[in-house]
Ligand code: SF4
């Protein structure tokens, strides 16, 4: 008997409309845990190299983990996996809400879509029974309308589903997949892949229970965590009071948050704390009408907001998160909070990644400032820094792929190719993916993760950024890891390997990252109690390392070389800033990358992994592939 999982996956061939089940073996479960771990192993096996990411041969997977459906604290995340059309390499995106549990309660640990449907369809799943339903009538609907229509059709007002909006249908490379009209699997261009398959939505309602090896132990640990959360200190306290918007002002002050398309504070005066405060904590919360919590989450970092007045009237829209507040705010020198709330809502309804969208708007603003584009190009929109009305207008046209929005709709790398005139200098991406809102000049570990993780430009894939600022994980005390300061550039390779491997465990079990560090979450004990295994930290670190490398192997087969993922000069401090907390900092990204690749037993130039390392990771069956 396998515990912590339903023991099988569903494969949906959208070209033929056929379904097939595949068993999940204990060996695969223990070796790759769940989420993008098992997902990477399956995509490596099922997908030929060199396929077109928006062609029928790409595979789109929705994955859960062993914690999903157990109702333990913040066990609500699912992961979407695919070959990314934005980067051309491995893609994954993680999302909360309620969908993960609904999917698993239908009897599957994950669902994979292959092929392409001739007509637009959606998949509806009920207790081991999948059904493809024609969905031409949903064409062009936003995510909220799509959810409401499918709930009505299925006759379940509480139905859980994921869907794309018009942006995904138009295959924008920065399109997101949305659930609950505002929780997003936004990164890696996963919405474009869903759109390319003519798959508008995927709904699930099930009654099947996840078998748990030691339910009493699980319940007891869960109860303890809920008690501890009631007394949580930061960061848990901030998440509970404000959500991530509580970090905006302090991160702008420390300069963890990038400003003005990563130009920093050389030229403008945005980063006075008063300005940042206008888009932070209490000034966001004053629009909140109620809290929003994902499934099994006592933290409730989300919220619903309403905006009165005629400019951008909104009722019960999702509250913008930190990444969104910075990308449409500080990155564009915009302190008009209502315009950011509106941008967040547009992205949620049309299905576009807020990080990539905001970063692409900031890119366009700098092109405008530099005279590479003008009002004739933008259709009359005045893209002066900080112009909230213009940002909203431009974003709307991006989501609809209209006018100048069509130039920007696929992110800043493509936009720079379309604009030309040297505009690539202002496109802040790694490997095609816009950089998230944490500055490697503040915590250089971000620079390592942004460029070494198989999914580039991601702040949620672990690394040394926390430990650089003193957040040491006591789990690793037996490893005698070195103590480091933010701007040390030696002895960080092993740390990167350990901390990112651990993060891959947190994500693949199906946990929310915020939950995992708001209390001391006994993840290893909980995993053992759920699955009946006898894992320990060392085994889990090896497993996390294997998961990282499985995704890297996927990339190598696609022809990846480490120099495909590099940071723009500005982001590493070339030239260094002249003012503020990050003045005179240029990070030695080359040393950081070389050490990280070395610790991972990869060649820093070719990316190749030694046979010995593949054997150590138990991936020797892939040596000659
Ligand atoms: S902490 Fe926030 S994102 Fe995480 S599960 Fe809870 S509500 Fe969702």
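The values are calculated or read from the model by the stated rules, or taken from the named source; none is laboratory data. Values in this document were obtained by computation on a predicted structure and should not be read as measured data. A quick note on method: Cβ atoms are made from the backbone with ideal geometry, for glycine too, and the neighbour counts reach across all protein chains shown.
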List the pairs whose first member sits in the stretch 236-248 and is closer than 14 Å to residue 277 by Cα and within 11 Å of the ligand (Cβ to nearest atom), whose second member is outside any helix (DSSP H, G or I) and modelled with pLDDT of 95 or more, and whose Cβ atoms are under 7 Å apart, counting only residues at least 6 apart or on separate chains? 244/301; 244/321
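Yes or no, residue by residue, for (1) in contact with a helix residue (DSSP H, G or I) (Cβ under 6 Å, 6 or more places away or on another chain); (2) closer than 17 Å to residue 410 by Cα; (3) more than 16 Å from the ligand (Cβ to nearest atom); (4) at pLDDT below 95:
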| position | (1), (2), (3), (4) |
| --- | --- |
| 296 | no, no, no, no |
| 301 | yes, no, no, no |
| 336 | yes, no, yes, no |
| 344 | yes, no, no, no |
| 356 | no, yes, yes, no |
| 369 | no, no, yes, no |
| 372 | yes, no, yes, no |
| 375 | no, no, yes, no |
Report yes if residue 322 is within 13 Å of the ligand (Cβ to nearest atom) and either closer than 30 Å to residue 370 by Cβ or out of contact with any helix residue (DSSP H, G or I) (no Cβ under 7 Å at 6 or more places or on another chain) (or both), otherwise no. yes
Residue count, the stretch 1-38 (criterion: under 22 Å from residue 537 (Cα atoms) and touching a residue at least 60 places away in the same chain (Cβ under 8 Å)): 14
Those residues that are in a strand (DSSP E or B), touching a helix residue (DSSP H, G or I) at 6+ places or on another chain (Cβ under 9 Å) and within 12 Å of the ligand (Cβ to nearest atom), I need them from the stretch 72-100; list them, please. 78, 94
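For (1) farther than 23 Å from residue 410 by Cα; (2) at pLDDT 95 or above; (3) within 16 Å of the ligand (Cβ to nearest atom); (4) part of a loop (DSSP other than H, G, I, E, B), each residue gets a yes or a no:
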site: 4; (1), (2), (3), (4): yes, yes, no, yes
site: 12; (1), (2), (3), (4): yes, yes, no, no
site: 57; (1), (2), (3), (4): no, yes, no, yes
site: 70; (1), (2), (3), (4): yes, yes, yes, yes
Pull out all pairs, ordered by first then second residue, where Cβ-Cβ is under 6 Å, the residues are six or more apart or on different chains, the first lies in the stretch 283-306 and is at positive phi, and the second is at pLDDT below 95 and outside any loop (DSSP other than H, G, I, E, B). none
Selection from the stretch 429-457 of residues farther than 16 Å from residue 589 by Cα and surrounded by fewer than 24 Cβ atoms within 10 Å (Cβ to Cβ) yields 436
Of the numbered conditions (1) touching a helix residue (DSSP H, G or I) at 6+ places or on another chain (Cβ under 6 Å); (2) more than 16 Å from the ligand (Cβ to nearest atom); (3) more than 17 Å from residue 330 (Cβ to Cβ), residue 252 satisfies every one except a single condition; which is it? (3)
With within 25 Å of the chain's Cα centre (by Cα), surrounded by 16 or more Cβ atoms within 10 Å (Cβ to Cβ) and under 30 Å from residue 88 (Cβ atoms) as the only criterion, which of 523, 609, 547 stands out? 547
Exclusive hit being within 30 Å of residue 217 (Cα to Cα) and outside any loop (DSSP other than H, G, I, E, B), set 122, 36: 36
For residues that are surrounded by fewer than 18 Cβ atoms within 10 Å (Cβ to Cβ), part of a loop (DSSP other than H, G, I, E, B) and touching a residue at least 12 places away in the same chain (Cβ under 8 Å), scanning just the stretch 39-53, find the one that is nearest to the ligand (Cβ to nearest atom). 51
Within the stretch 492-541, which residues are away from the ligand (no atom under 16 Å from the Cβ), assigned to a helix (DSSP H, G or I) and under 19 Å from residue 219 (Cβ atoms)? 524, 525, 527, 528, 529, 530, 531
Give the stretch 101-125 a look and list any residue that's over 27 Å from the mean Cα position of the chain (by Cα) and crowded, with 17+ Cβ neighbours inside 10 Å, or say none. none
Run residue 148 past the list (1) within 17 Å of the chain's Cα centre (by Cα); (2) away from the ligand (no atom under 16 Å from the Cβ) and report the number of the one that doesn't hold. (1)
List pairs: first residue in the stretch 528-546 and touching a residue at least 12 places away in the same chain (Cβ under 8 Å) and on the phi > 0 side of the Ramachandran plot, second residue part of a helix (DSSP H, G or I) and surrounded by 16 or more Cβ atoms within 10 Å (Cβ to Cβ) anywhere in the structure, Cβ distance under 8 angstrom, at least six positions apart or on different chains. none
Are there strands (runs of 3 or more DSSP E) fully within the stretch 164-266 with at least 1 residues that are surrounded by fewer than 21 Cβ atoms within 10 Å (Cβ to Cβ)? List them. 199-205
Where residues in the stretch 126-143 are crowded, with 19+ Cβ neighbours inside 10 Å and in a helix (DSSP H, G or I), which of them is nearest to the chain's Cα centre (by Cα)? 143
